[in-house]
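Here the structure comes first, spelled out in structure tokens, and everything after it is commentary.
Please treat every number below as a calculation from the coordinates, not as lab data. Note that the structure is a prediction, hence the values are computed from the model and not measured. Cβ atoms come from the backbone with ideal geometry, glycine included; neighbour counts cover every protein chain shown.
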């Protein structure tokens, strides 16, 4: 077959685009998928909101011509279909937007099937990655992830002669809450505690469920004074939570301790110092007023 034949050209372009995706994916960057789509979408754009005369700007596909609506809002997105039109179909293959975009010619159809397959594989990979590094109950990072990244933080701290802090917190009277009110309430308390801590930390901080009812925060480039600022924010959010949740017979409070990693210190020594500080804080606190 002549090299200038349209089918040969199409296969050559398809091979090039697949090779490009492999090269981008090896970067292990979340942006690789978006970058690949941006590069290949010059072949055609899908504007579902124009075809459907839609004005639902809360739909993730609305007014975004760099995406496939069926992959971000429709039945192939890996989650619940979103948007006014996506919910109407058992499968987006029944939609005229999909049919007009995909079934133009065999090459276009092959491209779209490959894009859908790669999107599905990427979504599965992201879910597996989240399961590996996130605590399924609270949604914060787990101890495995902490063990992976803390060595980098120690190395960075030594290289730039900086400090970082370890803050350890646990939920007061957690065993009694579980015993008296059941594990469903206990799980809810842990999720509420994690949410409070998420609101209290900086974007550069790392929040980890360290085990059971214990949480740990790594705060880069901080000292004890800045730790005190974080602890104050946590206590303020806890006070607000207790004001807003007056009906339960239990309250939510946390014992908190911190220590600073400095040159010459060992990481486990710092964690032990923070843990001891937390237990001193716990022993000095009065019993929660509502438990």
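The condition of being closer than 25 Å to residue 161 by Cβ, touching a residue at least 12 places away in the same chain (Cβ under 8 Å) and surrounded by fewer than 18 Cβ atoms within 10 Å (Cβ to Cβ) holds for only one of 226, 269, that being 226. In this structure, is residue 148 without any contact (Cβ under 8 Å) to a residue 40 or more places away in the chain and either outside any strand (DSSP E or B) or closer than 21 Å to residue 207 by Cβ (or both)? So residue 148 fits the description; yes.
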